[in-house]
Amino acid sequence: MFDFLKSILGSAPEKKVTLAFENVPAFLDEKENQAKAVLSAEVEEPVRAIKSASASLQLTVNTISGAEQSPETHPKIKSIAKNSLPLFLRAMNTSLAKELPEDPEAFYTASVESVKGCLNAVRGQGRYLQVAFPEEMKATKAGIDAVGREINVMTKAIGKYKQQADRIGAARAAHTALVDARKDLAHSFEKEERYHARIAEISSRLDAIAEETTRLRADPSLATLDEERTKLAGLAREREECLRRYTSLSMTMSHVFRKAEKIATKKHLAKETHAIRDAMDLLSDHEVAAAEPCTSTLAAVCPVVEKMIGDGEIVLKNREERTVFAEPAQHADEISQLCARYAALEKDCRAAEEGLISHPVLSRIQALGREKEQLEAMQTREEQQVSEVLSWRKELEEAVPELEEALAKKLGEMIGETVQFLPTGPV
């Protein structure tokens with residue numbers, strides 16, 4: 001029957017509330033104030049009743065403090081009551097002395113704590129007083145029950161208020177999330193604009209560097225650089241060849257000198273041992289030796305080694321050793337000449353390199369190249385930032401409608417009606 005009537009009359013129109021987005025904070029404040037006002041109105045009578053019941057309970061407790069036990073009470077009960085009464089009174093007075101604030105929620109919490117304290121006192125030391133002060137304890141329990149009943153009345157109102165406060169809090173959180181998302185969306189355009197401005201600035205500088213580099217490479221003074229580079233390359237090759245020959249001869253001599261050093265040590269030839277070790281240290285150093293000390297050192301050692309070879313104390317085991325020590329003086333002289341030649345070539349190479357490096361046009365080209373590398377790295381980072389901002393914006397553009405829908409839903413749950421925003425609200 002109901003479905004039939006509903007099909008004829010139609011369903012009730014859905015209630016809708018249209019709200020400007022910028023008015024949401026004020027709307028929430030209004031609903032919060034309304035909820036507080038409703039709570040205050042609903043708890044006004046229970047609050048008054050609790051205050052009155054608490055005052056009556058305090059009078060009852062005061063009466064117990066001045067009451068005397070019946071003469072017919074058993075002495076043992078009197079003794080127990082006498083010991084328990086001060087503890088009971090202290091606990092009751094402490095609980096009833098709790099300040100009851102004006103704020104309904106704080107009043108409710110303080111009242112609950114007060115009643116709990118009183119109940120604990122009655123169930124604790126109070127149970128020993130029920131025989132000695134039956135009427136007073138009965139009145140005390142009745143007073144606690146009176147306060148408890150009013151607290152139960154407040155509990156419902158407080159619960160309803162908290163539910164509404166939670167809904168208002170959820171709506172505020174949804175509103176904040178939406179506001180933040182819209183701010184971030186606007187900020188993303190600002191950031192993109194800054195990144196593009198820096199990219200344009202970098203690109204302009206890179207174009208200027210390319211133009212200047214092209215112009216410098218056409219400078220007539222660079223024509224002589226090819227000859228200088230060719231000269232430097234030739235000097236470097238000669239230096240490497242000199243080093244290879246020096247290394248080969250020094251290694252061969254050092255190997256034979258090591259044999260001679262062992263023999264001299266074994267024969268306790270201190271002077272000869274010292275001279276051989278000096279020669280070994282000189283030739284095994286990672287740097288090419290200077291010509292003058294090399295000449296004097298080898299001149300002192302070669303005759304000693306040559307004699308050991310002639311006496312059969314040293315056996316030359318490969319072709320390189322036999323070739324070198326077939327004419328040791330000649331090869332010692334060659335090593336000295338290689339030392340001098342390497343030093344001269346090293347000096348010439350250094351001078352040629354410094355000449356190339358110090359060329360003003362070449363130096364400028366190299367400086368521009370370094371700047372170009374740095375700018376290209378910066379440009380890559382800025383382009384990556386743009387990509388990240390665009391991705392972030394896409395996420396925000398997808399999130400904003402969802403957040404708007406969530407806010408409208410929270411507001412609707414709060415007021416029990418459908419909420420929609422005016423299209424003129426900020427986007």
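Along the axis of the charge dipole computed for region 369-408 (Cβ charges of +1 for Lys and Arg, -1 for Asp and Glu, origin at the Cα centre), the listed residues V400, A377, S387 are led at the positive end by A377.
My understanding is that a pair violates if its Cα-Cα distance is over 23 Å; which of K160/K410; K267/K307; K31/K162; K191/K410; K36/K141; K138/K160 do that in this structure? Show your work: numbers first, answer last.
Details: K160/K410 17 Å; K267/K307 14 Å; K31/K162 13 Å; K191/K410 32 Å; K36/K141 33 Å; K138/K160 34 Å.
Those over the limit are K191/K410; K36/K141; K138/K160.
In this rough spin-label picture, where each label sits 7 Å from Cα along the Cβ direction, the E292-K231 distance is 2.9 nm. Note on the chain: Cα-only Rg and Dmax are 52.3, 142 Å. Residues whose amide H comes within less than 5 Å of that of V17, counting only those at least five positions distant or on another chain, are T418, V419, Q420 (H built at 1.01 Å from N in the peptide plane).
What does the convex hull of the Cα atoms of region 230-359 come to per residue, in Å³, rounded to a whole number?
Details: hull volume 12.5 nm³, N = 130.
Hull volume over Cα atoms, normalised by residue count, gives 96 Å³.
Considering all alpha-carbon pairs of region 22-167, what whole percent are spaced by more than 17 angstrom? More than 17 Å apart: 63 percent of the Cα pairs in region 22-167. Among 53-62, 354-363, the peptide with the highest mean count of other Cβ atoms within 10 Å heads the list, and the full ranking is 53-62, 354-363.
Read-outs: derived from the displayed coordinates by stated rules, not from any lab. These numbers were taken from a predicted model, which means no experiment stands behind them. Note that we place each Cβ from the backbone using ideal geometry, even for glycine, and neighbour counts take in every protein chain shown.
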